[in-house]
């Protein structure tokens, strides 16, 4: 059995709570039995509460081993949490598990949430098709059962650039020319 995990959850919207119920009940039982320490549950949208999400992540440093981060539609919350922990806070300890909430009325929203998790460059989130209510439960189980947790690697910084409009056009033209006139 893995060492006692310290777990936190962040979801993007209060309306996501019904899809969390089974997973939260599972975590409550583990906490009661002394297998985990459940630290905190937050509802915070990265789109509407960006600064608050940053504060939450900063406050979780050293207090948790794993964060379950789930949202629906375009789930930018999971990838942003991972990126902020790695690139800004330089944390290589907290593992982010990601879940996608299901929108039964509009499957495109569910698909967008999944794609937003799977296709983030250099993301280290753990996502094993944790989709919808049952996926959230499986994510909670994974946060407890996965042993060992994946090792987190801090990314190498990529430099940011500022250029004039003319310089941007010149660089773009050079790159297009290098690719044989094709725009990727």
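Every number in this text was worked out from the coordinates using simple rules, so none of it is lab data. None of the values given here were measured: they were computed from a predicted structure. Glycine also receives a Cβ, built like all others from the backbone with ideal geometry; neighbour counts cover every protein chain displayed.
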* Positions within the range 1-38 being free of Cβ contacts under 8 Å to residues at least 40 places away in the same chain and surrounded by 17 or more Cβ atoms within 10 Å (Cβ to Cβ), in sequence order -> 38
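Taking the range 86-98 only, how many residues are over 8 Å from the mean Cα position of the chain (by Cα) and free of Cβ contacts under 8 Å to residues at least 60 places away in the same chain?
Filtering the range 86-98 down to residues over 8 Å from the mean Cα position of the chain (by Cα) leaves 86-95.
In the following step, the residues that additionally are free of Cβ contacts under 8 Å to residues at least 60 places away in the same chain were identified as 88-89, 93-95.
Result for the range 86-98: 5.
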* **Scope the range 150-173; condition under 30 Å from residue 30 (Cα atoms) and either out of contact with any helix residue (DSSP H, G or I) (no Cβ under 9 Å at 6 or more places or on another chain) or part of a helix (DSSP H, G or I) (or both); matching residues** => 150, 151
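Mind listing whichever residues of the range 148-172 are surrounded by 10 or more Cβ atoms within 10 Å (Cβ to Cβ) and touching a residue at least 24 places away in the same chain (Cβ under 8 Å)?
If we filter the range 148-172 for residues that are surrounded by 10 or more Cβ atoms within 10 Å (Cβ to Cβ), which is where we start, we get 149-150, 152-155, 163, 167-172.
Once the filter is applied, which keeps residues that are surrounded by 10 or more Cβ atoms within 10 Å (Cβ to Cβ) and touching a residue at least 24 places away in the same chain (Cβ under 8 Å), the range 148-172 yields 149, 150, 152, 153, 154, 155.
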